[in-house]
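S.K.: The structure under discussion is supplied below as structure tokens; questions concerning it will follow.
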Amino acid sequence: MKKRVLVKFSGEALAGSDGYGIDTKILDYIAEEIRELVNNDIEVGIVIGGGNIIRGVTAAADGVIKRTSADYMGMLATVVNGIAMQEALEHKGLNARLQTAIKMEQIAEPYIVRRAKRHLEKGRVVIFSAGTGNPFFTTDTAATLRATEIGASMLIKATKVDGVYDKDPAKYDDAVKLETLSYDRALEDSIKVMDDTAIALAKDNSLPIVVADMYTKGNLLKIINGDLSQCSIVK
């Protein structure tokens, strides 16, 4: 059987040094990393956040915009990123499908799990956007939900660090990398691998969460093939 994984990218990762919008060089780099996976017969699903455009929690912070509306704005931001990722993947010669949790037929397919699985079986990369389609749920939770629904063997959270630390390594020189940790420890110690809802859902479904540096070329393929030296795993 082919390996099937879901890779979660933050929206902020697409912004590059500008901190906002989409850096096409980073988009191209990610597409190349995904192409390497597909070329090795790995079925790939992708979830991308929307923080490079707008974050629901931030938009609703001062009360001018209601949280529900702000979260829907954030969902639409993930669709913008999904369109960009689809274009980048197709530019690399890959077949890609964008599915949304909110219907917008002129732009993307509606999310249907059976259709998503069929796309994956045919070697197409499937991008899941618009979160879960519900406010108050993050794209971390959406990624865990979609990974569970499609039967992914692992959820890879591609970040700017090479794993999970007991404290912020950018602020503390004595931060210790945690090679492995349990779901319970991540929840009890508030180690922000993902939000608590996502971790609890992963625990309920025995879905491993791998945290890895997206900027280490070839790292995704190494992880999927069993080399966990450059990442942390929650299981």
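S.K.: With the condition kept exactly as written, say whether any residue in segment 120-132 is surrounded by fewer than 14 Cβ atoms within 10 Å (Cβ to Cβ), touching a residue at least 12 places away in the same chain (Cβ under 8 Å) and under 15 Å from residue 45 (Cα atoms).
M.R.: Looking for residues that are surrounded by fewer than 14 Cβ atoms within 10 Å (Cβ to Cβ), touching a residue at least 12 places away in the same chain (Cβ under 8 Å) and under 15 Å from residue 45 (Cα atoms), one finds at least one in segment 120-132, hence yes.
S.K.: Could you grab me the full set of residues in segment 135-170 that are among the β-branched types (Val, Ile, Thr), more than 15 Å from residue 5 (Cα to Cα) and in contact (Cβ under 8 Å) with a residue 60 or more places away in the chain?
M.R.: Those that are among the β-branched types (Val, Ile, Thr), more than 15 Å from residue 5 (Cα to Cα) and in contact (Cβ under 8 Å) with a residue 60 or more places away in the chain: 138, 139, 141, 159, 164.
S.K.: Just to check your reading of the model, which residue among 43, 109, 105, 90 is in contact with a strand residue (DSSP E or B) (Cβ under 8 Å, 6 or more places away or on another chain) and more than 29 Å from residue 219 (Cβ to Cβ)?
M.R.: Among 43, 109, 105, 90, only 109 is in contact with a strand residue (DSSP E or B) (Cβ under 8 Å, 6 or more places away or on another chain) and more than 29 Å from residue 219 (Cβ to Cβ).
S.K.: Can you tell me which residue in segment 14-33 is nearest to residue 216 (Cα to Cα), limited to those that are touching a helix residue (DSSP H, G or I) at 6+ places or on another chain (Cβ under 6 Å) and β-branched (Val, Ile, Thr)?
M.R.: 26
This table checks each residue for (1) at pLDDT below 95; (2) more than 21 Å from residue 193 (Cβ to Cβ); (3) of a type in the set (Asp, Glu).
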{"position": "2", "(1), (2), (3)": "yes, yes, no"}
{"position": "14", "(1), (2), (3)": "yes, no, no"}
{"position": "35", "(1), (2), (3)": "no, yes, no"}
{"position": "54", "(1), (2), (3)": "yes, yes, no"}
{"position": "57", "(1), (2), (3)": "yes, no, no"}
{"position": "79", "(1), (2), (3)": "no, yes, no"}
{"position": "83", "(1), (2), (3)": "no, yes, no"}
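S.K.: Condition first: under 15 Å from the mean Cα position of the chain (by Cα), in a loop (DSSP other than H, G, I, E, B) and surrounded by fewer than 20 Cβ atoms within 10 Å (Cβ to Cβ). Now tell me which residues in segment 138-162 satisfy that.
M.R.: 153, 160, 161
S.K.: Next question, about the same structure. For segment 38-65, name all the residues that are among the charged types (D, E, K, R) and surrounded by 23 or more Cβ atoms within 10 Å (Cβ to Cβ).
M.R.: Correct list: 43 only.
S.K.: Please determine whether any residue of segment 11-25 is surrounded by 15 or more Cβ atoms within 10 Å (Cβ to Cβ), more than 16 Å from the chain's Cα centre (by Cα) and of a type in the set (Asp, Glu).
M.R.: yes
S.K.: Tell me which residues, restricted to segment 206-235, are more than 15 Å from the chain's Cα centre (by Cα), surrounded by fewer than 20 Cβ atoms within 10 Å (Cβ to Cβ) and over 18 Å from residue 183 (Cα atoms).
M.R.: Result: 216, 217, 218, 221, 222, 225, 226, 227, 229, 230.
S.K.: May I pose another question? Going through segment 140-164 one residue at a time, which ones are more than 26 Å from residue 175 (Cα to Cα) and polar (S, T, N, Q)?
M.R.: 141, 144, 148, 153
The values are calculated or read from the model by the stated rules, or taken from the named source; none is laboratory data. What you are looking at is a predicted structure, and each value in this text was computed from that prediction instead of being measured. All Cβ positions, even for glycine, are placed from backbone atoms using ideal geometry, and neighbour counts span all protein chains on display.
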